[in-house]
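The values are calculated or read from the model by the stated rules, or taken from the named source; none is laboratory data. This one's a predicted model, so the numbers in the text were calculated from it and none came from an experiment. Positions of Cβ are generated from backbone atoms using ideal geometry, with glycine treated the same way; all protein chains shown enter the neighbour counts.
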Amino acid sequence: MSREREFLPACTLAEDRRLSIDRLYASYEKLVTQGGWGRYLVCWQEISMPDVPLEEKLYVPIYVYTNATPNPDNPNRFIEPIDGVLISTVHGREPAGANTFADDDCTNQLIAAGEDFKIALLPCCNPFGYFWNLRCGTQGWQDKTLSVGECEALLRPCETPASFEAKHLTQFLSKFDLSQAVGIDLHEDPFWEDVGRQYEDSHGTYIYVVRPENRESPLTLTVLNTLRANHVPLLEYGKTRFEEPIINGIVVGGNDGSLDEWLAMKGVTPMITVECLLRTPNDPPLSERVGIYTRVLEEVFDQMKTS
Ligand SMILES: [Zn+2]
């Protein structure tokens, strides 16, 4: 049996009504069929648990979607510089991003934005984690350490290896000129996992920026104002459960070895990570979080047009 056969499970174990992986991917495909975008394989990720026998192992693809033109003379480059990098569901148990990009409104917005901008979209960076509702990929799911976005070893000498997926994701993203791009990474903060840890207000959103100078960037302010306008409040001040200070709704992420830091190192600025607090896996409900993230992206595209 080929280890690289395409298999998209129709079921999902979560009870938050997230789309199955095959429905996610069918929705993303509209970018290709209706928008004329390209779909490119980053790598195959094992979706079965690592302890199943070899003949039962199943793999799903991780894709990049882009309307940039591949360079016919150099398979390792795309021609135009990228204006916007959009990524989501690096942590699998944070499904709002992957589901937002599968929403028809969002797909239509992306296709429309693609008329004016070159976009690189990675809508589901961790299908394994998404399927099993786990933070990490096949390598780190047990000890919850090695995220699929673990780039520390690609940024600085260190003992933690980059994850299998991070190596492939960064290798593919290196084909793009990202020096003029802005970046949005849709995460969520399932703080209920830390028993006993509480935010002052367990209901809200906040963002990370990689660089301190991005606190005042027009796009940062646009994202913050969009979150402020929502019925789920923006957490203006406080601390995350990792003791990071939130000031005006912002945590300055700095050097955390994440894919976002790697993107910032490649010139993506501002690089913004959006977070929504989850009191339980489905509170606030997934549909509400998708609504918030859809509005954020809508305002991001508008802001790109005016700048
Ligand atoms: Zn996350």
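Quick notes on this one:
- Region 70-143 holds helices (runs of 4 or more DSSP H) entirely within its bounds, and those carrying 3 or more residues that are touching a residue at least 12 places away in the same chain (Cβ under 8 Å) and surrounded by fewer than 20 Cβ atoms within 10 Å (Cβ to Cβ) map to 104-113.
- Qualifying residue in region 210-229 (condition: touching a strand residue (DSSP E or B) at 6+ places or on another chain (Cβ under 7 Å), assigned to a strand (DSSP E or B) and touching a residue at least 12 places away in the same chain (Cβ under 8 Å)): no
- Region 97-120: number of residues that are closer than 17 Å to residue 25 by Cα and touching a Ser or Thr at 6+ places or on another chain (Cβ under 7 Å): 10
- Any hit, region 162-175, residues being more than 16 Å from the ligand (Cβ to nearest atom), of a type in the set (Phe, Trp, Tyr) and at pLDDT below 95: yes
- Condition check for residue 172: touching a residue at least 60 places away in the same chain (Cβ under 8 Å), part of a loop (DSSP other than H, G, I, E, B) and surrounded by 18 or more Cβ atoms within 10 Å (Cβ to Cβ): no
- Enumeration of residues in region 253-307 that are assigned to a strand (DSSP E or B) and out of contact with any Pro (no Cβ under 9 Å at 6 or more places or on another chain): 271, 272, 273, 274, 275, 283
- Candidates are the residues of region 134-153 that are farther than 16 Å from residue 51 by Cα and away from the ligand (no atom under 13 Å from the Cβ); the one that is modelled with the lowest pLDDT is 145.
- Some residue of region 22-44 being at pLDDT 95 or above, polar (S, T, N, Q) and assigned to a loop (DSSP other than H, G, I, E, B): yes
- Residue among 283, 194, 189 that is touching a strand residue (DSSP E or B) at 6+ places or on another chain (Cβ under 6 Å), of a type in the set (Asp, Glu) and under 18 Å from residue 93 (Cα atoms): 189
- Figure legend. Inter-residue proximity from region 233-254: first residues closer than 12 Å to residue 215 by Cβ, second residues hydroxyl-bearing (Ser, Thr, Tyr) and outside any strand (DSSP E or B), beta-carbon distance below 6 Å, spacing 6+ or different chains. No pairs are indicated.
- Among the conditions (1) farther than 28 Å from residue 135 by Cβ; (2) at pLDDT below 95; (3) not acidic (Asp, Glu), residue 69 misses just one, which is (2).
- For region 192-208, a residue qualifies if it is buried (at least 18 other Cβ atoms within 10 Å of the Cβ) and within 15 Å of the ligand (Cβ to nearest atom), and the qualifying residues are 205, 206, 207, 208.
- Taken as a whole, the structure leaves residue 271 outside the set of residues that are surrounded by fewer than 22 Cβ atoms within 10 Å (Cβ to Cβ), touching a residue at least 40 places away in the same chain (Cβ under 8 Å), within 30 Å of residue 161 (Cα to Cα) and hydrophobic (A, V, I, L, M, F, W, C).
- Residue within region 233-245 that is more than 17 Å from the chain's Cα centre (by Cα) and buried (at least 22 other Cβ atoms within 10 Å of the Cβ) present: yes
- Condition check for residue 49: aliphatic (A, V, I, L, M), surrounded by fewer than 22 Cβ atoms within 10 Å (Cβ to Cβ), at pLDDT below 95 and over 21 Å from residue 126 (Cα atoms): no
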